[in-house]
1. Please arrange 92, 71, 51 by how many other C-beta atoms lie within 10 Å of their C-beta, fewest to most.
2. Got a sec? How would 55, 83 order by Cβ neighbour count within 10 Å, fewest to most?
3. Sort 94-103, 141-150 by packing, meaning the average of other beta carbons within 10 Å per residue, with the highest value first.
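Taken together, the values in this text are just the output of simple stated rules run on the coordinates, not laboratory data. None of the values given here were measured: they were computed from a predicted structure. Counting neighbours? That spans all protein chains shown, and the Cβs are built from the backbone with ideal geometry, glycine included.
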Ligand SMILES: [Zn+2]
């Protein structure tokens, strides 16, 4: 499986352990720092591997959409915008929501490490608990960091009280 080297912009066979990397944090600030760097191409390659290919004259990756059945590839991962979009079905978003929708591996590993896996959504429509006085301050901060990352990706979160 080819991997995009985000430092050189070249493809290589180097496979970083993404799930371990993004759950390697000790504080909510660490997590925030990591999530800013999560790239949609890394996530796309993690789940779709060779099913998405770098386009010849572009930095973008293209492949068959994992969200709907199609014969002509209309799914794009765009590293510079850090967004994915399917021009067939309209599914779009950022790296964390792509992970969430394709298998939840990074997301659930983060939630587990933060000790909030029982509080986070088993989503459709993303339900997050609001800051609660019953939770430790740290857990509230983790939830806030994740919620902000998802909102920045354009996900509409539903809070329930
Ligand atoms: Zn699609």
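1. Numbers: 92 18, 71 6, 51 15.
By the 10 Å Cβ count, ascending: 71, 51, 92.
2. Numbers: 55 12, 83 18.
Going from least to most buried by this count: 55, 83.
3. 94-103, 141-150
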